[in-house]
Amino acid sequence: MSTARERARAALTAEILESARGQLATVGAAALSLRAVARDLGLASSALYRYFASRDELLTALIIEGYDAIGAAAEAADVPTAQPRTRWHAICAAVRAWALAHPHEYALLYGSPVPGYAAPQDTVAAAGRVGTALGRVLGDAARAGVLPPAEHRRTSLVTPAAAEALGGEHPDLDDAVRARALLTWSSVYGLISFELFGHFAGVVTDLDAFFTEQVGELADLLGL
């Protein structure tokens, strides 16, 4: 069981992160300030530094939290007993819904880099959760025998770690298939980013229908 001190620390950490998310909405990630968060919470700056030693440490916490949240949304949408194409659509729709509901957090994850900040290795596992959810669909489709046979025509362009996340080992999952999986994964984010940042304004008449149709095109590319 946690102690009263641990519960108090967890509660204040949550308040700090909530205040920091508010700053993302008002001033953006580049202007995120520990001093401003401290003022918002009525704390001395020195007290805040006991929780986050620097702005970069606070940014990292926000990034991991965001990746975990969008990853959890993707995982919750997946129904392993459903058909692979249905699962693909459900995961992509859940990622888009999360992004539209949390535009500033999404922008922190997939928008412009924050000047002077380099994400540490700590963020990698959380960042891969959506890709791993999509890769699980691909791997399950291969093991169910519903993917087209692999072409086995290319040398490796995908790292072993990425290959493991994108369905694991199977005769129907060669490097060409995995490269297409990376293309489709990044394309989903491209569709969402164009919508969220206004690049489809005056171009697309029905954003919901357009997204669903293009996600289907990406599923076709994967052979789902």
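The values are calculated or read from the model by the stated rules, or taken from the named source; none is laboratory data. Since the structure is predicted, the reported quantities are computational estimates derived from the model, not experimental observations. For neighbour counting, all protein chains shown are included, and Cβ atoms are generated from backbone atoms with ideal geometry for every residue, glycine included. For accessibility, only protein heavy atoms count, side chains too; no ligands or nucleic acids. Shrake-Rupley method; radii C 1.70, N 1.55, O 1.52, S 1.80 Å.
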Can you tell me which of VAL204, VAL114, VAL137 moves the most in a GNM of the chain? Springs connect C-alpha atoms under 10 Å apart. VAL204
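If you take the beta carbon distance between ARG7 and VAL27 as r and set R0 to 30 Å, what does 1/(1 + (r/R0)^6) give as a FRET efficiency, to the nearest 0.05? Write out the running numbers ahead of the final one.
Values: r = 31 Å, r/R0 = 1.02.
Efficiency computed from Cβ-Cβ geometry: 0.45.
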Run a plain Debye calculation on the range 26-95 (Cα atoms as equal point scatterers, no solvent) and give log10 I(q)/I(0) at q = 0.26, 0.27 Å⁻¹, rounded to two decimals, same order as the q list. -1.08, -1.12
With no solvent term and unit scatterers on the alpha-carbon positions of the chain, Debye gives log₁₀ I(q)/I(0) at q = 0.14 Å⁻¹ of -0.93
Send over a whole-number figure in Å² for the accessible area per residue of the range 123-197, probe 1.4 Å. 47
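Taking N as the number of residues in the range 118-206, what is its Cα Rg relative to 2.2 N^0.38 Å?
On the way: Rg = 15.5 Å, N = 89, 2.2 N^0.38 = 12.1 Å.
Ratio of Rg to 2.2 N^0.38 Å for the range 118-206: 1.28.
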Quickly work out the ARG39-to-ALA101 label distance, labels modelled 7 Å from Cα along the C-beta direction, and quote it in nm with one decimal. 3.2
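Give me the Å³ per residue figure for the convex hull around the C-alpha atoms of the range 83-126. Could you put the intermediate results ahead of the total?
Values: hull volume 3.8 nm³, N = 44.
Normalising the Cα hull of the range 83-126 by residue number yields 86 Å³.
Counting each pair of different Cα atoms once, what's the Kirkwood radius of the range 94-164 in Å, rounded to one decimal?
15.3
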Dividing the Cα convex hull volume of the range 1-44 by residue count, how many Å³ per residue is that? 66
Could you run the Debye sum over the Cα atoms of the range 1-123, one equal point scatterer each and no solvent, and tell me log10 of I(q)/I(0) at q = 0.12, 0.18, 0.19 Å⁻¹, two decimals? -0.54, -0.98, -1.04
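If you roll a 1.4 Å probe over the range 34-90 with all protein chains in place, what percent of the accessible area is carbon or sulfur? Please list the in-between numbers first.
Numbers: 1490 of 2790 Å².
The value for the range 34-90 is 54 percent carbon and sulfur by accessible area.
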Could you state the angle between the C-alpha long axis of helix 207-222 and the longest principal axis of the C-alpha atoms of the chain, as a value from 0 to 90 degrees rounded to the nearest 10? 50
Between SER187 and ARG50, what is the label-point separation in nm under the 7 Å Cα-to-beta-carbon projection? 5.3
